[in-house]
């Protein structure tokens, strides 16, 4: 019962994550590099998890939502959403041959713009190592990194929403 009512929110979350990811590029923001994109993920997943839990609580469970039910619903939403996002990423990186090169260019530029701060904090050796690691990034590294960020965002926002919406029977 929980799975069936939550599935539509999970599917929508996955599609919206794909759309927001590509919209970010169009707006000139690289979601792989910009940490502000993690906040967007938190908000987006938070909304879909909230609506999935609220829908289940209001229409399927007579106004009652136990914490474990909220956690289960949240897990379903962010897990299936992440799998859909993962599928979209695989398709994107297989059809855009320049995606990895574009990432490497943007990441190198980002690091070079902040080189003084980075070298001051971590040293020149670590700076050179970072530049070398950027050159060795593969599409699978980027796919894995962006998908894990979605899962982590869902992992952290789910308990918060589950606590807010929980209501025990009297």
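The values are calculated or read from the model by the stated rules, or taken from the named source; none is laboratory data. Remember, predicted model here, so these are calculated numbers, not experimental data. All Cβ positions, glycine included, derive from the backbone under ideal geometry; neighbour counts span all protein chains shown.
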Open item on the list: As an exercise: evaluate residue 54 against (1) in a helix (DSSP H, G or I); (2) out of contact with any strand residue (DSSP E or B) (no Cβ under 9 Å at 6 or more places or on another chain); (3) touching a residue at least 24 places away in the same chain (Cβ under 8 Å) and give the number of the one condition it does not meet.
Closed with: (2)
Open item on the list: I'm trying to understand the selection: among the residues of region 134-148, which are assigned to a helix (DSSP H, G or I) and exposed (fewer than 14 other Cβ atoms within 10 Å of the Cβ)?
Closed with: 135, 140, 144, 145, 148
Task: Residues that are under 10 Å from the mean Cα position of the chain (by Cα) and surrounded by fewer than 19 Cβ atoms within 10 Å (Cβ to Cβ), drawn from region 21-42 - done: 38, 39, 40, 42
Task: Filter pass, residue 95 being surrounded by fewer than 13 Cβ atoms within 10 Å (Cβ to Cβ) and either touching a helix residue (DSSP H, G or I) at 6+ places or on another chain (Cβ under 7 Å) or at pLDDT below 95 (or both) - done: yes
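Within the bounds of region 57-70, is there any residue that is in contact with a strand residue (DSSP E or B) (Cβ under 7 Å, 6 or more places away or on another chain) and either in a helix (DSSP H, G or I) or without any contact (Cβ under 8 Å) to a residue 60 or more places away in the chain (or both)? Steps first, answer last, please.
In the first step, residues of region 57-70 are kept if they are in contact with a strand residue (DSSP E or B) (Cβ under 7 Å, 6 or more places away or on another chain); the result is 57, 63-65.
Now narrow it down to the ones that are either in a helix (DSSP H, G or I) or without any contact (Cβ under 8 Å) to a residue 60 or more places away in the chain (or both): 57.
Yes, because at least one residue in region 57-70 is in contact with a strand residue (DSSP E or B) (Cβ under 7 Å, 6 or more places away or on another chain) and either in a helix (DSSP H, G or I) or without any contact (Cβ under 8 Å) to a residue 60 or more places away in the chain (or both).
Quick grid of which residues meet (1) modelled with pLDDT under 95; (2) surrounded by fewer than 17 Cβ atoms within 10 Å (Cβ to Cβ); (3) in a helix (DSSP H, G or I):
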| position | (1), (2), (3) |
| --- | --- |
| 82 | no, no, yes |
| 86 | no, no, yes |
| 110 | yes, yes, yes |
| 131 | yes, yes, yes |
| 155 | no, yes, yes |
| 164 | yes, yes, yes |
| 170 | yes, yes, no |
